[in-house]
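A short reminder: the numbers here are calculations on the coordinates, not readings from a lab. Quick caveat: nothing in here was measured; it's all calculated off a predicted structure. Cβ coordinates were reconstructed from backbone atoms using ideal geometry, including for glycine residues, and neighbour counts include every protein chain displayed.
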Amino acid sequence: MTTAKPLSYLSEQLETWRKAGSYQRLRVLESPCEPISRFDGREVINLASNNYLGLADHPKLIEAEVEAAKKYGAGSGAVRTISGTMGIHLQLEERIADFKQTEACVVFQSGFAANSGTVAAILGPEDHIISDALNHASIIDGCRLSRAKIHVFPHNDTARAAEIVKGLDGTSGHKLLITDGVFSMDGDIGPLPALVEIAERHGAIMMIDDAHSSGVLGRNGRGTVDHFGLHGRVDVQVGTLSKAIGVLGGYVCGSRDLIEFLYHRARPFLFSTSHPPAVAAACLAAFDILEREPERVEKLWDNTRYFKSLLASSGFDTGDSETPITPIIVGEAKTAHAYSGALFEEGLFATGIGFPTVPEGKARIRTIVTATHTREMLERAAEILAIVAKKMGILT
């Protein structure tokens, strides 16, 4: 009788990560997600959340959640295609479609499910996907699940993307050209205008993941398509309800036929219980605020420009960031995680990120400012970043 533990290899891998300095312990949030939050018993400046517009604890969202829970209960009780479609779900989808200026919308349980479920649903083994090298993991998983032939072009290299797409002219199957709107680790904006022209020239489906663009770019935060004035020219728009919207979920916008098709074939939609009504109600309240308070987006960008100027004056390498996602490149993963830990001890929470999330040698601290940070908070955060960096030899 064997006494070997079949999962012992997992323990060995964890120990390897501990020795390499890349093991990460989950920090516990003990307060609302705010510019200054309580993690692990400490009050710290929070530069680690995606709560771009400060809506996660907005009184109107909380009020909407409470009222919906009282009216409809805590959960829907089923998947959407059985008995889990409630009027409030349809209301949210109609609201998002109107906001994004598309025919229709379907809401998923997460942005990850929206990306992976959509790509896997609309393509098959005979099709081709042309994907940016730094696209989100949910896109990569969707590409693999579709079993389509995957062609990767170097990050933001539109010339190479065009070569690949042109080379597929005359081949059988559908072609999908896909990019992030804002790239989650580097904070740069995808070259959507050039990619749209490539897709149109060669009859490819154009798809964008606007997770970090929704609520950030465009009028009232309508996203990358609005930012570049490309309405009607992007076939599939994915967004999230978990970042700037401040709640939970993802969505896909496009033609009515696309959405009806996803109702029938997107596996995360078919096999996951629908959102609790309180979640849908809070999302609706968030879109109300986006429409009525454009100054939130303006404040987000004011804070972004100010914080970037502080980092630049200290000499930090922030890569190609153009958005509130501002990485501080430090090199090795061990250094990034040690830097993050030291920052936390000084009162700043900013996450260390290394391989395999980013390429080896490109580990960084990822910082994200929000519309609700004050200038004093940002100044103090920049001060802590510089002081600790000098102590660790990251800055000289």
Shape of the stretch 284-353 from its Cα gyration tensor (a ≥ b ≥ c, root eigenvalues): rounded if a/c is under 1.5, otherwise prolate when a/b > b/c, or oblate?
-> prolate
Pick from PHE183, PHE287, PHE355: which residue has the top mean-square fluctuation in a GNM of the chain where Cα pairs under 10 Å get a spring?
-> PHE355
Under the rule rounded for a/c under 1.5, else prolate if a/b exceeds b/c, else oblate, using alpha carbon gyration tensor axes a ≥ b ≥ c, the stretch 178-256 is classed as prolate
To the nearest Å, what is the center-to-center distance of the stretch 233-297 and the stretch 306-377, using C-alpha atoms only?
-> 29
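Provide the FRET efficiency to the nearest 0.05 for the ASP257-TYR306 pair, computing r from the beta carbons and using R0 = 30 Å.
Details: r = 45 Å, r/R0 = 1.50.
My answer for the efficiency is 0.10.
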What is the spin-label model distance, in nm, from LEU26 to LYS390 if the labels are put 7 Å beyond Cα along the C-beta direction?
-> 3.8
If only Cα atoms are counted, what is the Rg of the stretch 209-313, and what is its Dmax, in Å?
-> 16.0, 53
What is the distance, in nm, between label points placed 7 Å from the Cα along the Cα-to-Cβ direction at SER83 and at ASP141?
-> 3.0
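Computed over the Cα atoms, what is the radius of gyration of the stretch 269-317 divided by 2.2 N^0.38 Å, N being its residue count? Can you show the working numbers first?
On the way: Rg = 18.3 Å, N = 49, 2.2 N^0.38 = 9.7 Å.
Normalised Cα radius of gyration, the stretch 269-317: 1.89.
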Once fully extended, how much extra length lies between ARG267 and LEU7, figured as 0.36 nm per residue of separation less the alpha-carbon to alpha-carbon distance?
-> 90.6 nm
Could you order peptides 193-206, 17-30 by the average number of other Cβ atoms within 10 Å of their residues, highest first?
-> 193-206, 17-30
Return the Rg/Rh value of the stretch 265-396, two decimal places, where both radii are evaluated on C-alpha atoms and Rh is the Kirkwood radius.
-> 1.09
Quick calc of log₁₀ I(q)/I(0), the stretch 36-138, Debye, one scatterer on every Cα, no solvent, q values 0.15, 0.20 1/Å, result -1.01, -1.29
With a 25 Å threshold on alpha-carbon distance, the violating pairs from LYS70/LYS100; LYS100/LYS243; LYS243/LYS391; LYS19/LYS243; LYS166/LYS243; LYS308/LYS362 are LYS70/LYS100; LYS243/LYS391; LYS19/LYS243; LYS166/LYS243
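For the ranges 38-46, 156-164, what's the packing order if you count other beta-carbon atoms within 10 Å of each residue, average per peptide, and put the highest first? Spell out each step's value before the answer.
Working: 38-46: 16.1, 156-164: 17.7.
The most tightly packed comes first, giving 156-164, 38-46.
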Share, in percent, of DSSP beta bridges within the stretch 159-255 that are antiparallel, nearest 5 = 40
When DSSP beta bridges are limited to those with both residues in the chain, what percentage is antiparallel, rounded to the nearest 5?
-> 55
So what is the 222 nm mean residue ellipticity for the chain from helices alone, if each DSSP H run of at least 4 adds -39500 (n - 2.57) and you divide by all residues, rounding to the nearest 500 deg cm²/dmol?
-> -13500 deg cm²/dmol
Which percent of the Cα-Cα distances in the chain go past 28 Å?
-> 50
What does the stretch 1-58 give for Rg and for Dmax, in Å, if only its C-alpha atoms count?
-> 18.3, 59
Point-to-point label distance, LYS71-ASP40, nm (Cα→Cβ direction, 7 Å offset) = 4.2
Just check the stretch 310-384 against the gyration tensor rule for me: Cα atoms, a ≥ b ≥ c as the square roots of the eigenvalues, rounded for a/c under 1.5, and otherwise prolate or oblate depending on whether a/b exceeds b/c.
-> prolate
Dipole of the chain, positive end: most advanced residue of CYS105, PHE307, ILE45 [Cβ charges, Cα centre] = ILE45
How high is the FRET efficiency between GLU163 and HIS231 when r is their beta carbon distance and R₀ equals 30 Å, given to the nearest 0.05?
-> 0.60
